[in-house]
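Read-outs: derived from the displayed coordinates by stated rules, not from any lab. If you're wondering where the values come from, they're calculated on a predicted model, not measured in any experiment. Cβ placement follows ideal geometry from the backbone for every residue including glycine, while neighbour counts extend to all protein chains displayed.
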Amino acid sequence: GPAMRSLRCAARLAGESLAVASLVAALALACSGERQPPVVLISIDTVRADRLPDWGYARGRTPHLSQLVADGVRFANAYSQVPLTLPSHLSLMTGQLPPDAGVRSNLGYRFDATGRPLISTALVARGYDTGAFVSSYVLRHETGFSAGFETFDDFWLDWRTVGSFAR
């Protein structure tokens, strides 16, 4: 429908190899005055694209992910600024390199969003409802990753058990 056409249009404007942050900015600009398309970011930590069917792996089975790919925009290239979950995700959310975002590792840092650009706040300013549903210990609320989200849920897991692995 119109929302999907807008999403595909924004993806073409952003270019296939740019970060998701660029896509969200392009979406907001391309869709002004129109009904806003949904923006869904799914981050699956430590999965290899070459083991997913939509990226060429014949034996892979991910029917729900494959349906999202079929209905959405698939990027051929994505790059991480650092091979660590927390600073990498904060780079994605802020568009800043880890030293500029103030977080260089998974442990020992707390993100301070004061004065930093965030995808979530940019989307809220454009009328979107934002939420994050997190199942990673290093992305829990206490790390500051929840900044800017209207809804943030990291309580599905028993942190007493997971926390013992992070020590």
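Listed values, structure above:
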{"read-out": "Long-range HN-HN contacts of L52 with modeled amide H, under 5 Å", "value": "Y57"}
{"read-out": "Check: the stretch 113-157 dipole with +1 on Lys, Arg Cβ and -1 on Asp, Glu Cβ, in debye", "value": "200"}
{"read-out": "Amide H within-cut-off set for A132, under 5 Å, with H built and near neighbours excluded", "value": "T151, F152, D153"}
{"read-out": "Whole-Hz ³J(HN,Hα) from phi, Karplus 6.51 cos²θ - 1.76 cosθ + 1.60, for the stretch 122-128, glycine and proline x", "value": "5, 5, 4, 4, 9, x, 7"}
{"read-out": "Gyration tensor verdict on the stretch 90-133 (Cα atoms; rounded if a/c is under 1.5, prolate if a/b is larger than b/c, oblate otherwise)", "value": "prolate"}
